[in-house]
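For reference, the structure I am asking about is given below.
The values are calculated or read from the model by the stated rules, or taken from the named source; none is laboratory data. No experiment lies behind these values; they were computed from the predicted model shown. A quick note on method: Cβ atoms are made from the backbone with ideal geometry, for glycine too, and the neighbour counts reach across all protein chains shown.
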Amino acid sequence: MSKTSKILIMGLPGAGKTWFAERLQKYIPDTAWYNADVIRKAANDWDFSPDGRERQANRMSNIADFEGWNGRNVICDFVCPTNEARALFNADLVIWIDTITAGRFEDTNKMFEKPDLNYPGLIHIDRHYSDEEIEAVAQSIITENTMATDVEDEDFAGVFGDSGQVPDFIRGDR
């Protein structure tokens, strides 16, 4: 893979997102993996209101973008229950783990919006996969090169002051 990829693994609580992410990471070279529960704990942010979920989507996106700016692929697994939260995360590839009809939290079930199956860059997983099938998904990701475009400084105009330059400390340059 010549470009980095920001992969979102999303679905209802208990669908198998973390299980899938842990296995997928093994098959995609130079890939970080972030689980939302671990990130929420580190942030000490247990707000599951719509605002709290948007904040978590932004937090996960910022972490994922950091990895991309440093030339690494990244997998983030979290519920990401609404189209708005998915837009905030801005994944290159979305893997929807759709193995259950309802999760263990009623508020999440009520707010969960199924992604559009025709959305470009969506992989729909509707059953539990074997390790061999997960490896095949990884190989298709690598082969199809669904990777994002390379990061260019002009992509950040206004983000880091007037210069639009990505700071060296974010790129990992020393």
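Within region 123-137, does at least one residue satisfy the condition of being part of a helix (DSSP H, G or I), of a type in the set (A, V, I, L, M, F, W, C) and out of contact with any strand residue (DSSP E or B) (no Cβ under 7 Å at 6 or more places or on another chain)? Break it down stepwise before answering.
Filtering region 123-137 down to residues part of a helix (DSSP H, G or I) leaves 131-137.
Restricting the remaining residues to those that are of a type in the set (A, V, I, L, M, F, W, C) gives 134, 136-137.
With the extra rule that they be out of contact with any strand residue (DSSP E or B) (no Cβ under 7 Å at 6 or more places or on another chain), the set shrinks to 134, 136.
Scanning region 123-137, I find at least one residue that is part of a helix (DSSP H, G or I), of a type in the set (A, V, I, L, M, F, W, C) and out of contact with any strand residue (DSSP E or B) (no Cβ under 7 Å at 6 or more places or on another chain), so the answer is yes.
Sticking with this structure for a sec: May I ask you to say which residue of 57, 85, 43 is at pLDDT 95 or above, hydrophobic (A, V, I, L, M, F, W, C) and more than 14 Å from the chain's Cα centre (by Cα)? Spell out the reasoning first.
On the way: 57 fails: more than 14 Å from the chain's Cα centre (by Cα); 85 fails: more than 14 Å from the chain's Cα centre (by Cα).
Just a single option satisfies the conditions, and that option is 43.
Is it true that some residue in region 18-40 is in contact with a Leu (Cβ under 6 Å, 6 or more places away or on another chain) and over 23 Å from residue 144 (Cβ atoms)? It would help to see each step written out before you state the result.
From region 18-40, those in contact with a Leu (Cβ under 6 Å, 6 or more places away or on another chain) are none; that's our starting set.
So far as region 18-40 goes, no, none of its residues is in contact with a Leu (Cβ under 6 Å, 6 or more places away or on another chain) and over 23 Å from residue 144 (Cβ atoms).
What's the number of the only condition in (1) of a type outside the set (D, E, K, R); (2) modelled with pLDDT of 90 or more; (3) under 14 Å from the mean Cα position of the chain (by Cα) that residue 111 fails to meet?
(3)
Please name all residue pairs, on different chains or six or more residues apart, with Cβ atoms under 7 Å, provided the first residue is in region 21-42 and is more than 19 Å from residue 80 (Cα to Cα) and the second residue is in a helix (DSSP H, G or I) and among the charged types (D, E, K, R).
23/131; 27/135
Still on this structure: Somewhere in region 3-24, is a residue within 15 Å of the chain's Cα centre (by Cα), at negative phi, modelled with pLDDT under 95 and hydroxyl-bearing (Ser, Thr, Tyr)?
Checked against the condition, which is being within 15 Å of the chain's Cα centre (by Cα), at negative phi, modelled with pLDDT under 95 and hydroxyl-bearing (Ser, Thr, Tyr), region 3-24 yields at least one hit.
Also, quick follow-up: What's the number of the condition residue 73 fails, among (1) among the polar types (S, T, N, Q); (2) more than 13 Å from the chain's Cα centre (by Cα); (3) under 19 Å from residue 143 (Cα atoms)?
That leaves (2) as the condition not met.
Do we have residue 141 as at pLDDT 90 or above, in contact with a strand residue (DSSP E or B) (Cβ under 8 Å, 6 or more places away or on another chain) and either surrounded by 12 or more Cβ atoms within 10 Å (Cβ to Cβ) or not in a loop (DSSP other than H, G, I, E, B) (or both) here? Lay out the reasoning, then the answer.
On the way: at pLDDT 90 or above: yes; in contact with a strand residue (DSSP E or B) (Cβ under 8 Å, 6 or more places away or on another chain): yes; either surrounded by 12 or more Cβ atoms within 10 Å (Cβ to Cβ) or not in a loop (DSSP other than H, G, I, E, B) (or both): yes.
Taking the combined requirement at face value, the residue satisfies it.
For residues that are modelled with pLDDT of 90 or more and loosely packed, with under 13 Cβ neighbours inside 10 Å, tally how many sit in region 117-127.
Of the residues in that region, 4 qualify.
Table: residues versus (1) out of contact with any strand residue (DSSP E or B) (no Cβ under 7 Å at 6 or more places or on another chain); (2) without any contact (Cβ under 8 Å) to a residue 40 or more places away in the chain; (3) aliphatic (A, V, I, L, M).
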{"residue": "69", "(1), (2), (3)": "yes, no, no"}
{"residue": "73", "(1), (2), (3)": "no, no, no"}
{"residue": "78", "(1), (2), (3)": "no, no, no"}
{"residue": "84", "(1), (2), (3)": "yes, yes, no"}
{"residue": "87", "(1), (2), (3)": "yes, yes, yes"}
{"residue": "94", "(1), (2), (3)": "no, no, yes"}
{"residue": "103", "(1), (2), (3)": "yes, no, no"}
{"residue": "107", "(1), (2), (3)": "yes, no, no"}
{"residue": "111", "(1), (2), (3)": "yes, no, yes"}
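Sticking with this structure for a sec: Quick check on this structure: which one of 64, 36 is touching a strand residue (DSSP E or B) at 6+ places or on another chain (Cβ under 7 Å) and either at pLDDT below 95 or more than 26 Å from residue 110 (Cβ to Cβ) (or both)? Can you show your working first?
Numbers: 36 fails: either at pLDDT below 95 or more than 26 Å from residue 110 (Cβ to Cβ) (or both).
Only one candidate passes the filter, namely 64.
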